[in-house]
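**Student:** Take this structure first; my questions come after.
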Amino acid sequence: MDLDLSVPHSMGTTIIGVTYNGGVILGADSRTSTGMYVANRASDKITQLTDNVYVCRSGSAADTQVISDYVRYFLHQHTIQLGQPATVKVAANLVRLLSYQNKNMLQAGVIVGGWDKYEGGQIYSVPLGGTILRQPFSIGGSGSSYLYGFFDQAWKEGMTHAEAEQLVIKAASLAMARDGASGGVVRTVTINAEGVTRKFYGGDTLPLWHDELEPTNSLLDILSSSVTEPMIT
């Protein structure tokens, strides 16, 4: 079968950013897809920009990676010139600037999250087109369409770190259960005054929803566990 490489591929993901009382938590699934094909089942969609700012990437992997590389370079120069770390707002505006100026060539929707001594934990959403919105929480990617009502009900002001982390994990697992382009594992990054903490949640540790099957290592595990009934003629 001949493939038309000029046809755009549907690329899915689930990215989440949540503020809590003391910092922010970023979360993402790990499935990278090109149409119906899973190109990478364990990709890392949370990328470091500076010591105190990270970005969650959705859309074209190549586009978001090059934006992250450029912004990381600019922020490094900025830090050298000022003699202090860049703020989260500066990092988010650099992402917005690159996304907006190249909006006709890029397919990138990102969430910028971090902590600084001036405004504490902050979440900025930079969707397709290059606008910028500061929000208490933000969701993006194809899996986000299943989460808007859930976040309206579940998010609350002044959450503790444990509450925010459980919210991110629950939301990611819900999106992965419904969205075929989201899946794999869940990675989280917590950023606060103490620094940065990364965590990894395997697929077998995530809660199951509705009629989801227990994760297995192989199709052979499913076949070997099934009971074979004798044929009746």
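The values are calculated or read from the model by the stated rules, or taken from the named source; none is laboratory data. Computed from a predicted model, the values in this text were never measured in an experiment. Please note: Cβ atoms are built from the backbone with ideal geometry, for glycine as well, and neighbour counts cover all protein chains shown. All accessible areas refer to the heavy atoms of the entire protein, side chains included, with ligands and DNA or RNA removed. Shrake-Rupley method; radii C 1.70, N 1.55, O 1.52, S 1.80 Å.
**Student:** If a residue has to be of a type in the set (Gly, Ala, Ser) and either modelled with pLDDT of 95 or more or open to solvent by 50 Å² or more (accessible area, probe 1.4 Å) (or both) to count, how many in the stretch 127-139 make the cut?
**Tutor:** The first filter runs over the stretch 127-139 and keeps only residues of a type in the set (Gly, Ala, Ser), leaving 129-130, 138.
With the extra rule that they be either modelled with pLDDT of 95 or more or open to solvent by 50 Å² or more (accessible area, probe 1.4 Å) (or both), the set shrinks to 138.
Residues in the stretch 127-139 being of a type in the set (Gly, Ala, Ser) and either modelled with pLDDT of 95 or more or open to solvent by 50 Å² or more (accessible area, probe 1.4 Å) (or both): 1 in total.
**Student:** Picking from Tyr124, Tyr146, which residue would you name as being open to solvent by 80 Å² or more (accessible area, probe 1.4 Å), under 26 Å from Ser30 (Cα atoms) and in contact with a helix residue (DSSP H, G or I) (Cβ under 9 Å, 6 or more places away or on another chain)?
**Tutor:** On inspection, the qualifying residue turns out to be Tyr146.
**Student:** Let me ask another. Looking at the stretch 149-180, which of the residues that are exposed (fewer than 15 other Cβ atoms within 10 Å of the Cβ) and among the acidic types (Asp, Glu) is farthest from the chain's Cα centre (by Cα)?
**Tutor:** Here the answer is Glu157.
**Student:** For Val55, only one of the following conditions fails: (1) surrounded by fewer than 17 Cβ atoms within 10 Å (Cβ to Cβ); (2) under 15 Å from the mean Cα position of the chain (by Cα); (3) of a type in the set (A, V, I, L, M, F, W, C). What is its number?
**Tutor:** Among (1) surrounded by fewer than 17 Cβ atoms within 10 Å (Cβ to Cβ); (2) under 15 Å from the mean Cα position of the chain (by Cα); (3) of a type in the set (A, V, I, L, M, F, W, C), Val55 violates only (1).
**Student:** Of Phe200, Phe150, which residue is of a type in the set (Phe, Trp, Tyr), part of a strand (DSSP E or B) and farther than 18 Å from Val66 by Cα? Reasoning before the result, please.
**Tutor:** On the way: Phe150 fails: part of a strand (DSSP E or B).
Result of the check over Phe200, Phe150: Phe200.
**Student:** Looking at (1) outside any helix (DSSP H, G or I); (2) open to solvent by 10 Å² or more (accessible area, probe 1.4 Å); (3) among the small types (Gly, Ala, Ser), which is the one condition that is false for Ala62?
**Tutor:** Condition (1) is where Ala62 drops out.
**Student:** So, one more: Say whether the condition of being assigned to a helix (DSSP H, G or I) and either under 21 Å from Ile25 (Cα atoms) or polar (S, T, N, Q) (or both) is met by at least one residue in the stretch 108-117. Steps first, please.
**Tutor:** Keep residues of the stretch 108-117 that are assigned to a helix (DSSP H, G or I), which gives none.
No - not one qualifying residue is present in the stretch 108-117.
**Student:** What are the pairs with Cβ atoms under 7 angstrom where one residue, in the stretch 28-52, is within 21 Å of Gly114 (Cα to Cα) and touching a residue at least 60 places away in the same chain (Cβ under 8 Å) and the other, located anywhere, is open to solvent by 30 Å² or more (accessible area, probe 1.4 Å) and among the aromatic types (Phe, Trp, Tyr)? Sequence gap at least six, or different chains.
**Tutor:** Asn52/Trp115
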